[in-house]
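See structure below.
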Amino acid sequence: MPDPRASQPDNDRGDAGHMAAGGGDAAAAAAAGVAKDVDAEVVVVGGGIAGLATALALRRAGVARGAGAGVLVLERHAELRAMGAALTIFPNGWFALRALGVAHKLTSRYEAYETSKATNLETGATQVFRFAGNKNKGEEVRVRALDRKALLEALAEELPPGTVRFSSKLVSIDTERAAGDASETVVLRLDDGAVIRAKVLIGCDGVHSVVARWLGLPEPASSGRSAVRGLSTFPGGHGAKRELRQFLSQGLRAGMVPISDTDIYWFLVNDTVPAEKDAAGDPVRTLREVTGSLAGHMPAEYLDVVRRSDHGNLSWAPLLYRNPLSILTGAAARGAVTVAGDAFHPMTPDMAQGGCSALEDAVVLARELARAATPAEGVAAYVARRRWRAAWLVAGAYLSGWVQQGGTNVRGARGRLVKMFRDWVFYPFVFPRLADTMWFDCGDLAPCAEGKIHKE
């Protein structure tokens, strides 16, 4: 159950990037405001899935929806950049997208699939399991793989012009308190010299988050595994069945799933190898490693997909995660400053919950801020609600990946025991319970008619 996240940016610019920048050139728009200080109700750092979803959720919930810089998104790149080729959205993600009001724009474009086939290449045995079971609650919440850029565009085009400030790299965070005022203002300094003051700061700036580091959360740890991800195009149509196909081998887990009639997303998760350091960032060398030394023994149908990869959507990156204990006990909030998505709970992609959980975060955070008397209370309520679920998802994803791959760097008798557990216990008994977490409904957003601006 991969979440197709990648570390290499998508260099194509969609219409949504133009719209969010207010219809002009993004870099010029950012440069025009360099010399000015800006006051904002809420600042979101990061213009990826978590950041755009959070900005939209805040507006849908009526938080800082008034005139001026109510919600401001700081994106360090000059345009919206999709990280990776595709991702899988499970029911919990669709519940969140429905609350955000954009699910219908994507479900009409991408077909659902319900089954996964996992083939053990060492024994030839294939196990088939269903994602939906008896819980299907309608067409909109079924499992779909989709283009990551399409999701970003669907979110961004719902935001007012000027919401996203491009070419805005955060370099420092401070707080200040006016005389006689019990609340703190967050002071952000950007690399272009601009200073932004905000009542609420939300870090959606990814695995190596500046905001998470400022809060004191520990750095993500290595899982000992890496993932190659790509998107392959068949102009005349691929004819593949709409299901997730996985192939298991010693220290490897490969998979592929169609996202349209012409495009297939594929991945290869491997125990980290020295060749990765030299090949990462070089599509030709990466494909050579995959089709040669790493996965040359994979089925011909899989290798045919890999060889058709679009070099611009290819990546090879280590899989990182935050220790679940750190998520439960770490400083995920300080006053009205918090984090969401990968900045809060980076996880391995083995349950496809990175993007889905970020969408959940956005809805829950906006709802708690709308309900709370003060921003700090809203942030505290959000963190309290999300800690346990996030920790469980991180742990479940790590366990799922470790077991399905036969144990990371595990050999001999221990490796055989892990594989027996995978084939006889994990798939028939553990996986269905992990799958239940994918049916979590984060709830709706109930907007305030006038929009809520905290004034304490």
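One table, with the values for the structure above:
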read-out: Matching residues in the range 232-270 - criterion: being small (G, A, S) and either in contact with a strand residue (DSSP E or B) (Cβ under 7 Å, 6 or more places away or on another chain) or within 13 Å of T88 (Cβ to Cβ) (or both); value: S232, A240, G251, A254, G255
read-out: From the options G193, G230, G224, G239, residue that is modelled with pLDDT under 95, surrounded by fewer than 23 Cβ atoms within 10 Å (Cβ to Cβ) and assigned to a strand (DSSP E or B); value: G224
read-out: Tally, over the range 274-291, of residues that are surrounded by 14 or more Cβ atoms within 10 Å (Cβ to Cβ) and either under 19 Å from A240 (Cβ atoms) or under 26 Å from the mean Cα position of the chain (by Cα) (or both); value: 10
read-out: Test result for D361, without any contact (Cβ under 8 Å) to a residue 60 or more places away in the chain and over 19 Å from S226 (Cβ atoms); value: no
read-out: From the options S183, S172, S209, residue that is surrounded by fewer than 19 Cβ atoms within 10 Å (Cβ to Cβ), at pLDDT 95 or above and either assigned by TED's automatic domain parsing to the domain that holds G341 or closer than 22 Å to V337 by Cβ (or both); value: S172
read-out: Single residue of the range 328-365 satisfying the filter (assigned to a helix (DSSP H, G or I) and in contact with a Ser or Thr (Cβ under 6 Å, 6 or more places away or on another chain)) that is farthest from A53 (Cα to Cα); value: D350
read-out: Any hit, the range 394-409, residues being in contact with a His (Cβ under 8 Å, 6 or more places away or on another chain) and in a helix (DSSP H, G or I); value: yes
read-out: Subset of the range 30-45 [β-branched (V, I, T) and either at pLDDT below 95 or over 21 Å from L365 (Cβ atoms) (or both)]; value: V34, V38
read-out: Matching helices (runs of 4 or more DSSP H) fully within the range 41-126 where at least 3 residues are buried (at least 21 other Cβ atoms within 10 Å of the Cβ) and in the same structural domain as A154 (by TED's automatic domain parsing); value: 49-60
read-out: Test result for A254, of a type in the set (A, V, I, L, M) and over 27 Å from Y321 (Cα atoms); value: no
read-out: Only listed residue being under 25 Å from T115 (Cβ atoms), surrounded by 19 or more Cβ atoms within 10 Å (Cβ to Cβ) and either among the hydrophobic types (A, V, I, L, M, F, W, C) or modelled with pLDDT under 95 (or both), chosen from L303, L244, L314, L294; value: L244
read-out: Selected residue [within 29 Å of E41 (Cα to Cα), more than 25 Å from the chain's Cα centre (by Cα) and of a type in the set (D, E, K, R)] from R371, R385, R416; value: R371
read-out: Scope the range 252-289; condition more than 20 Å from Q405 (Cβ to Cβ) and without any contact (Cβ under 8 Å) to a residue 12 or more places away in the chain; matching residues; value: K277, D278, D282, R285, R288
read-out: Condition met for D350 (out of contact with any strand residue (DSSP E or B) (no Cβ under 6 Å at 6 or more places or on another chain), over 20 Å from D436 (Cα atoms) and of a type in the set (D, E)); value: no
read-out: Those residues of the range 242-270 which are outside any strand (DSSP E or B) and within 12 Å of L294 (Cα to Cα), in sequence order; value: Q250, G251
read-out: Identity of the residue in the range 329-362, of a type in the set (S, T, N, Q) and under 9 Å from the mean Cα position of the chain (by Cα), that ends up modelled with the highest pLDDT; value: S357
read-out: Conditions (1) modelled with pLDDT of 85 or more; (2) under 30 Å from F440 (Cα atoms); number of the one not met by A64; value: (1)
read-out: Pairs, first in contact (Cβ under 8 Å) with a residue 40 or more places away in the chain in the range 86-106, second assigned to a helix (DSSP H, G or I) and of a type in the set (S, T, Y), C-beta under 8 Å, six or more apart; value: N92/S357; N92/T437; W94/T107
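Each row is one residue, and each column tells you yes or no for (1) modelled with pLDDT of 80 or more; (2) in contact with a strand residue (DSSP E or B) (Cβ under 9 Å, 6 or more places away or on another chain); (3) exposed (fewer than 15 other Cβ atoms within 10 Å of the Cβ).
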{"residue": "A397", "(1), (2), (3)": "yes, yes, no"}
{"residue": "W402", "(1), (2), (3)": "yes, yes, no"}
{"residue": "R411", "(1), (2), (3)": "no, no, yes"}
{"residue": "R414", "(1), (2), (3)": "no, no, yes"}
{"residue": "V418", "(1), (2), (3)": "no, no, no"}
{"residue": "F429", "(1), (2), (3)": "no, no, yes"}
{"residue": "T437", "(1), (2), (3)": "yes, no, no"}
{"residue": "F440", "(1), (2), (3)": "yes, no, no"}
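The values are calculated or read from the model by the stated rules, or taken from the named source; none is laboratory data. Owing to the predicted nature of the structure, the values given are computational and were not obtained by experimental measurement. Cβ: placed from backbone, ideal geometry, glycine included. Neighbour counts: every protein chain shown.
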